[in-house]
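Reviewing the structure listed below.
The values are calculated or read from the model by the stated rules, or taken from the named source; none is laboratory data. Computed from a prediction, not measured in an experiment: that's the story for all the values here. Note: ideal-geometry Cβ built from the backbone for every residue, glycine included; neighbour counts use all protein chains shown.
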Amino acid sequence: MKYIDANIVHKKMDQRLNLNRFMKYLFFSLTLFALVVLAILIYRVLTQSIGWLDLQFLTNKLSLNPERSGIIGVIFGTVWLMIVVAPITMILGIGTAIYLEEYAKKGRVQSLIQTNITNLAGVPSVIFGLLGLTVFSRLFGLGSSILAGGLTMSLLVLPIVVVASQEAIRAVPQFLREASYGMGATKWQTVKNVVIPAALPGVLTGFILSLSRAIGETAPLVVIGIPALIMPVPNSIMDDFTVLPIQIYYWTLDSVLTAEYANLAAATIVVLLIILFLMNSIAIIVRNKYQKRF
């Protein structure tokens, strides 16, 4: 019979406790460093936007004169872009997730589709911009219109919505489906009345967070040629447009020649951060509400 030396046991326990303590402080330090960097960035942006972010800035159109320039057209362009992206992403994304989880037969084809969707979620955004430029802008002749930009951004965030919706649907307990079938409900009635309501918190959270990514992306729109020029406020999905990230990008570049453009870029960043904060807050509120309900 082997006897374990108590000193060796205590030594190993001390080593594990020391390692645990080291990792705890390491992760805390990394988190603190990230928060400090974020705080510095926010402070820098807020200080540069002071005196520039006002009602005139929000209601004026773009101008060559920094003191008279505003972002009303940029805001409308962003809203129009979301009007195109939201329904396309919701219908295609949630519909695809429902089909893959509830209707598709498990096999090689379903596995291949699932693998490709998962891989698409990690493709660089500039690749979707090249796809949008080739298909929507040139092949379909949509140019740099809102519709072309909206379709391109929909492709970008669609895999995210599909994956998030699948996870939410997969998390619905199987006994809820079986109870519905036991009451004589059809497949579609079970999906519509049981599965979708139960999965709604996760589905809506993924959907809104995907819109938050779409509203903050720049690379795909730059690739398809979205300008940042002095243009009229867009009135339809076929008009040319620009959005907040694009305007921030170009004003940041122009700040090398005209220092005031850095202030305009900072003020626009504040507006974009507020919009993103509101969208993420809505996602949290919706999730909490439906979690209590279902």
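Can you pull out every residue in region 75-101 that is over 30 Å from MET238 (Cα atoms) and surrounded by fewer than 17 Cβ atoms within 10 Å (Cβ to Cβ)? Once the filter is applied, which keeps residues that are over 30 Å from MET238 (Cα atoms) and surrounded by fewer than 17 Cβ atoms within 10 Å (Cβ to Cβ), region 75-101 yields only TYR99. Residue count for region 237-270, restricted to those that are surrounded by fewer than 20 Cβ atoms within 10 Å (Cβ to Cβ) and either outside the structural domain of SER63 (by TED's automatic domain parsing) or within 18 Å of the chain's Cα centre (by Cα) (or both): 1.
Filtered by the rule that a residue be free of Cβ contacts under 8 Å to residues at least 60 places away in the same chain and either more than 14 Å from the chain's Cα centre (by Cα) or within 25 Å of ILE196 (Cβ to Cβ) (or both), region 272-283 gives ILE274, SER281. Among the residues of region 110-145, those that are under 30 Å from ILE196 (Cβ atoms), of a type in the set (Val, Ile, Thr) and in a helix (DSSP H, G or I) comprise ILE113, THR115, ILE117, THR118.
Every test in (1) surrounded by fewer than 21 Cβ atoms within 10 Å (Cβ to Cβ); (2) over 16 Å from the mean Cα position of the chain (by Cα); (3) at pLDDT 85 or above is passed by ILE169 save one, and that test is (1). Pairs are defined by a Cβ separation below 6 Å, a sequence spacing of at least 6 or placement on different chains, a first member in region 37-48 that is within 15 Å of ILE274 (Cβ to Cβ), and a second member that is of a type outside the set (Asp, Glu); the pairs so defined are VAL45/ALA266; VAL45/ILE269.
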